[in-house]
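Worksheet: the structure to be examined is printed underneath.
Please treat every number below as a calculation from the coordinates, not as lab data. Remember, it's a predicted structure, so these values are computed and weren't measured experimentally. Cβ: placed from backbone, ideal geometry, glycine included. Neighbour counts: every protein chain shown.
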Amino acid sequence: MSTSKDYLNFLLEQLSSLDGISHRMMMGEYLIYYRGKVAAYICDDRFLIRPVPSAVKMLPNAEYDSISEGGKKNYLRVDNVDDSKFLTDLFNSIYDELPFPKSKKVKREL
């Protein structure tokens, strides 16, 4: 099962007050970037966020979930997606703890 466009659009609307939100499709699912950093995943119509300390603090009762079937459950599932202020606060609180993506080395032809 993959994520529906409706669910993606709903979440993007919920995050629309933040500058620097973008997304990228990968195999029917989506990565959510916040100011250039991977902040969350949308998988099978579930919103999963990286479990950095501030996210764990803001989501003390969140269940850990996997981005793929049978994978490690190492992401926090955000169930409170109807509260755009909460999501905005969550993204702002985790930003400094998120790593920048690793740069890809360009292969040089000899």
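A few notes on this one:
- Of the strands (runs of 3 or more DSSP E) lying entirely inside the chain, those carrying at least 2 residues that are touching a helix residue (DSSP H, G or I) at 6+ places or on another chain (Cβ under 8 Å) are 21-26, 29-34, 37-43, 46-49.
- Considering segment 45-76, and only residues there that are among the charged types (D, E, K, R) and surrounded by fewer than 17 Cβ atoms within 10 Å (Cβ to Cβ), the residue that is nearest to the chain's Cα centre (by Cα) turns out to be Asp45.
- Contact map, segment 70-96: residues that are under 15 Å from Leu59 (Cβ atoms) paired with residues that are among the polar types (S, T, N, Q) and surrounded by 12 or more Cβ atoms within 10 Å (Cβ to Cβ), Cβ distance under 6 Å, separation 6+ or inter-chain. Pairs shown: Lys73/Ser66; Phe86/Asn80; Leu87/Gln14; Thr88/Ser17; Ser93/Ser54; Ile94/Ser54.
- Residue in segment 84-97 that is over 20 Å from Phe10 (Cα atoms) and either of a type in the set (Asp, Glu) or more than 14 Å from the chain's Cα centre (by Cα) (or both) present: yes
- In the set (1) under 24 Å from Pro101 (Cα atoms); (2) in contact with a strand residue (DSSP E or B) (Cβ under 6 Å, 6 or more places away or on another chain); (3) among the small types (Gly, Ala, Ser), Ala62 fails one condition alone, (1).
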